[in-house]
Amino acid sequence: VTTLGKAVHDQIHYQRRSEKGVQNPALTLQLASGSCRDMATLMMDAARVLGIAARFASGYLDCPASEAGRASMHAWTEFYLPALGWRGFDPTIGEPTSLKHVVTGVSNHPRGVMPVSGMFVGASSDYREMIVQVTTEKLPSE
């Protein structure tokens, strides 16, 4: 799993995308670039081809940017290893997940854990934009 994750990290250039959805893994390979969700989907599909159970994880990174309100949602891949259970790998940063990875949802497909969903009612000309930002706050320990 680590070798697969490092291969995705080394061969795919991170490219922040504002378009909705996930690129097809073949397109991510062809472009050699993609967002965190594209890289996670590529890694998930590659693991499945190798016979490893994998799922898509969505959440955010607990880091200075999230504390300052400048963070955004993030995605990575989790694998089921029989002796260890579910373990994550973040191909965007090329490392196994850690306590800084805060998962808000997991699914067998990225559509199952969309960070923002809903519907807009009104004329299309009324819609301007939607901005999502992640802010975390540390609670005082008792």
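The values are calculated or read from the model by the stated rules, or taken from the named source; none is laboratory data. Predicted model only: the values in this text are computed from it and were never measured. Note that each Cβ is placed from the backbone with ideal geometry, even for glycine, and that neighbours are counted across all protein chains shown. Side chains included, ligands, DNA and RNA excluded: accessible areas come from the protein's heavy atoms. Shrake-Rupley method; radii C 1.70, N 1.55, O 1.52, S 1.80 Å.
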Restricting segment 5-57 to residues that are open to solvent by 20 Å² or more (accessible area, probe 1.4 Å) and acidic (Asp, Glu), the one nearest to Ile93 (Cα to Cα) turns out to be Asp10
Taking segment 79-105 and keeping residues buried (at least 17 other Cβ atoms within 10 Å of the Cβ) and small (Gly, Ala, Ser) leaves Gly88
The one condition Asn108 fails out of (1) modelled with pLDDT under 90; (2) open to solvent by 60 Å² or more (accessible area, probe 1.4 Å) is (1)
Expected single match for under 13 Å from the mean Cα position of the chain (by Cα), surrounded by fewer than 17 Cβ atoms within 10 Å (Cβ to Cβ) and at pLDDT below 90 among Ser72, Ser124 is Ser72
With criteria (1) surrounded by fewer than 10 Cβ atoms within 10 Å (Cβ to Cβ); (2) modelled with pLDDT under 75, Thr136 comes up short on (1)
Considering segment 111-121, residues that are among the small types (Gly, Ala, Ser) and at pLDDT below 75, and then whichever is farthest from Phe56 (Cα to Cα), we arrive at Gly118
With the first residue restricted to segment 108-128 and required to be under 17 Å from Glu19 (Cα atoms), and the second required to be open to solvent by less than 100 Å² (accessible area, probe 1.4 Å) and modelled with pLDDT under 80, Cβ contacts under 8 Å at 6 or more apart or on different chains are Pro115/Val132; Val116/Val132
